[in-house]
Amino acid sequence: MDLFISIFTATVIAATPLIFAALGELIVEKSGVLNLGIEGMMLMGAVFGVWAHFSGMPMTLAILIAIVAGALSSLVFGILALTFMANQYAAGLALAIFGGGVSAFIGRGFGSTPVDAVQPIKIPWLSDLPFLGPLLFQFDPLVYLSLILFVAVSWFLYKSKAGLALRAIGESPESAHAVGYPVIMIRYVAVLFGGAMAGLGGAYLSLVYTPLWVENMTAGRGWIALALVVFAAWRPIRVLLGAWLFGGMTILQLQGQAIGLKIPTELLSALPYIATIVVLVLISRNRMAMVLDFPASLAKPFRPSS
Amino acid sequence: MPPRLELSGINKAYPGVIANDNISFSVQPGEIHAVLGENGAGKSTLMKIIYGAISADSGEIRCDGKLIKEHGPAVSRGLGIEMVYQHFALFESISVVENIALSMPDRMNLPALSAEVRTISKKYGLPIDPNALVLSLSMGERQRVEIVRCLLRNPKLLILDEPTSVLTPQAVQILFETLRQLAQEGCSILYISHKLDEVRTLCHTATVLRGGHVTGRVDPSAASASKLARLMVGHELEEVSRPATQKSKKPLFEVRELRLAAANAMDTALQNLNMEVFGGEIVGIAGVAGNGQNELAAAMSGETVNSDPDAILLESRPVAHLDAGQRRDLGFGFIPEERLGRGAIPPYPLSENALLTAHRQGMTTLGFTKRHRAKDFAAQVIRRFRVKANGPDSIASGLSGGNLQKFIVGREIHLSPKVLLVSQPTWGVDVGAAAYIRQTLIDLSRSGKAVIVISEEVEELFEVCDRLYVMSDGKLSQSIDRKTANIEDIGLLMTSGAEYDYRETNIA
């Protein structure tokens, strides 16, 4: 029983940075923009979170700084891809590499000094429940925030007019422009939101999960978040479930040997990508699903006519 | 009362072209005013200027007597000017009512908006289901959505850009009823078209444009069709002549019980199609877009390969299992509906575009191309088919639609195919080039070849074809002799297979 609780909670915690980053990227992609630079933005969030923490700022402020750092790094991509209409693949890859380099530079002095991690919260009564308490109610606040953000993103996309407009822009920026929506501006907002969420995901790694600064500490999670959005076929609920699935695979990797699993860890770490490719092939065959959920203008630069 | 819309001295120039040259006219309240002209006459530019989507270089626009100073789509909407684009501004992945909500200024209240949509669609006889996904709608239904979207905003001036190009003859009648009703209620309508008959039955006045300037202001119901055509084209239209013909004894091309499952939810399944085409005749396939014409064209051309070789016979030889290149080797020619991207590669010169299908004529050795041969071939096509281009090195995308289509049709005919399949031969082609292309196809058939024309324009098929089939919901009708057929019957056949159209008229 204790093993189940520990695997379950470890999975949820491992999934949390993926949920943040992937929900952000989901909004970006739903607007028709592909930002491949999540890895870089997460690293920027992670390093600036640690920097703020070491500068003596309170934890909440450190997390906010990480969010702003992520958003500002996404702005680099936004200016290249939206204003100058550069190739989005190239601009995104550039951001991934740029973020890795800059974060390593800023984090030089941080050594491997541990951070006073964000602690789990105590919810009166609920946290003390037998079994359910340790299973569900002894997480750190950011885990609950990830669930709140999931609900907010789902509501925004499918219940609000702004979300409807965002999806419409992702399908056909030309039509949205003709109807009178400021396509480029809305895409900027989406890109900034994606950056902020990636920054938050990075902060979760360096201030809660690990918790310390190590160069390239995201270890591919940005790419997994990117794969996750495709794996989820651009649906928020599947992003959530997929994040837990991919998080579970990470935990399996870590605990596999301990519980006597004979699968090579390299194979386990490849699984999210393999799963993503399989899903991609499956949904590409179903045109209906593609039309309904896939942002048709993804990665195509939009040039308003005059 | 001041006119609803008054234009004075509108000018707009693009590098190398004068799109609008000193255009002035006015539209009264409740008037249906046609703007008639060929493709490239400057109609669409003018409409975009009126709507505020682009700005004029000089000139004045007055609405209800008031001068519009700072113009833009938002200003237009404030003044009650609405526009239905030729290519609809709709989103496929969301529902009708969500599409409409996106262009309404208010907060989103879908149930209330659905009720409004139902009311309007009932009042004007435009049945639409507010909850349907746009991707499931036919082109005609999509147009209704666009019109209802405009009507919900109580327009004072409605601009329609070539609205009938996607409609069946019956749907055109319904649209006209709606427009007349709107005009009676005092709404002014600007109706852009190149179709003389429509303008003559519907419109109160017509302004004719040619090469960017006004060539006439007429009462279209009083003016003769030939006078309107002269104003539009600048000279008398050559009548397409269709000399008598000698049909070959055996069919050159046959489709035998062709079946094809739909590859996905968006495609139409082909159900047991039968058709034969003899040398010396032109056979037309009529139908509203999306009833299986694309699937049939792909099956005939070899883009879709069939497992049963006998489903398609070329000169009595089974070819359904052969791919497009192998069928071309046997003398089959195909002109797809998309000129750019499928019929020709836009950024390539005409000589290399000639190579695409003409490489069979000794233009390659050991996989290397002989450029001079390709150039010669392209030059011959340009001369023979009177293509306006600067020689074989001109870039395909630099040609006007009509001239590029002439080149593509010419390229295929110059290869002397035994059977030629043409899809939408005159889409977006100006009247003069269209007449020339039609005549060319007739001449080809009269030289003993078999020609198949797929078109959504029934009038075009009546002009060129000897026989017709009607395609509806993946099925082909019996062969119909053009001499005994009339357009209304064909229109009925176009919708009879689709139960959906019957059902939708009962909505609301």
Worksheet entry | Hits among lysines - C-alpha to C-alpha of B:Lys449 under 25 Å, sequence gap 8 or more where chains match | B:Lys247, B:Lys249, B:Lys250, B:Lys406, B:Lys418, B:Lys483
Item to complete: Please work out the C-alpha center-to-center distance from the range A:107-159 to the range B:151-206 and express it in whole Å.
Response: 60
Practice prompt. Inverting the mean 1/r over all pairs of different Cα atoms, compute the Kirkwood radius of the range B:5-233 and quote it in Å.
Written response: 18.1
Worksheet item: If a helix is a whole DSSP H run, which ones in chain A reach 20 Å or further along their own axis (Cα) and hold a mean Kyte-Doolittle hydropathy of at least -0.5?
Response: A:2-30, A:38-54, A:59-78, A:88-106, A:141-159, A:183-204, A:236-255, A:265-285
Practice prompt. Take every DSSP beta bridge with both residues inside chain B and express the antiparallel ones as a percent of the total, to the nearest 5.
Written response: 50
Fill in: Listed peptides B:320-332, B:138-150, A:10-22, B:20-32 by packing density, highest first (mean Cβ within 10 Å)
A:10-22, B:138-150, B:20-32, B:320-332
Practice prompt. Using the Cα centre as the reference, give the magnitude of the dipole from point charges on the C-beta atoms of the protein assembly as shown (Lys, Arg: +1; Asp, Glu: -1; all else neutral), rounded to the nearest 20 debye.
Written response: 1140
Fill in: Unit charges at the beta carbon, dipole of chain A: most positive-side option, A:Trp125, A:Ala66, A:Leu282
A:Leu282
Worksheet entry | Rounded to 10°, Cα long-axis angle of helix B:139-151 versus longest principal axis of chain B | 10
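For peptide A:163-175, compute the average count of partner chain beta-carbon atoms within 10 Å of each residue's beta-carbon.
4
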Worksheet, complete the sentence: With the dipole of chain A defined by +1 on each Lys or Arg Cβ and -1 on each Asp or Glu Cβ, the option from A:Ala15, A:Phe4, A:Gly194 whose Cα lies farthest towards the positive pole is A:Gly194
Fill in: Long-range HN-HN contacts of B:Ile312 with modeled amide H, under 5 Å
B:Arg256, B:Val319, B:Ala320
Response to the item:
Expected integer from the mean partner chain Cβ neighbour count at 10 Å over B:75-86 is 0
Practice prompt. May I ask for the Rg/Rh ratio of the range A:30-142, computed from Cα atoms with Rh as the Kirkwood radius, given to two decimals?
Written response: 1.13
Discussion item. Limiting things to C-alpha atoms, what are the Rg and the maximum Cα-Cα separation (Dmax) for the protein assembly as shown, in angstroms?
Written reply: 31.5, 96
Worksheet item: To the nearest whole number, what is the average tally of beta carbon atoms from other chains within 10 Å of the beta carbons of peptide B:103-112?
Response: 2
Fill in: Unit charges at the beta carbon, dipole of chain B: most positive-side option, B:Asn390, B:Pro309, B:Tyr124
B:Asn390
Worksheet item: Can you give the translational diffusion coefficient of the range B:181-275 in µm²/s, computed by Stokes-Einstein from the Kirkwood radius over Cα pairs at 37 °C and 0.692 mPa s?
Response: 179
Worksheet entry | Hydrodynamic radius by Kirkwood, which averages 1/r over all alpha carbon pairs of the range B:251-406, in angstrom | 17.3
Discussion item. What are the equivalent ellipsoid semi-axes of the range B:83-214, built from the alpha-carbon gyration tensor (square roots of five times its eigenvalues), in whole angstrom, biggest first?
Written reply: 26, 15, 14
Worksheet item: the range B:85-155: D in µm²/s via Stokes-Einstein (Kirkwood Rh, Cα pairs, 20 °C, 1.002 mPa s)?
Response: 180
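Using only C-alpha atoms and all pairs of different ones, pull out the Kirkwood radius for chain B in Å with one decimal.
Working: mean 1/r = 0.0407 Å⁻¹.
This gives a value of 24.6 Å.
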Worksheet entry | chain B: angle of helix B:371-384 to the longest principal axis, Cα-based, in degrees nearest 10 | 60
Item to complete: Can you pull the one-decimal nm distance between simple spin-label points at A:Leu135 and A:Phe4, each 7 Å off the Cα toward Cβ?
Response: 0.6
Item to complete: For a label point 7 Å from the Cα of B:Arg62 along Cα→C-beta, name the residues of the range B:215-229 whose backbone N is under 16 Å from it.
Response: none
Fill in: All-pairs Cα distance distribution in the range A:2-290, expressed in whole percent, bin size 5 Å
1, 6, 12, 16, 18, 18, 14, 9, 5, 2, 1, 0, 0
Practice prompt. Report the calculated FRET efficiency for A:Leu75 and A:Phe54 (r = Cβ-Cβ distance, R0 = 22 Å), to the nearest 0.05.
Written response: 0.35
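Which value, in debye to the nearest 20, gives the size of the charge dipole of the range B:296-450 about its Cα centre, when Lys and Arg are +1 and Asp and Glu are -1 at the Cβ?
With only Lys, Arg, Asp and Glu charged at Cβ, the dipole is about 660 debye.
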Worksheet item: Given the alpha-carbon gyration tensor of the range B:245-284, what are the semi-axes of its equivalent ellipsoid in whole angstrom, ordered largest first, with each equal to the square root of 5 times an eigenvalue?
Response: 29, 10, 5
Discussion item. Between B:Arg317 and B:Gln361, how high is the FRET efficiency from 1/(1 + (r/R0)^6) when r is the Cβ-Cβ distance and R₀ = 22 Å? Nearest 0.05.
Written reply: 0.55
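Since every read-out is calculated from the coordinates, none of them should be taken as a lab result. Keep in mind that this is a model prediction, so the values were computed, not measured. Please note: Cβ atoms are built from the backbone with ideal geometry, for glycine as well, and neighbour counts cover all protein chains shown.
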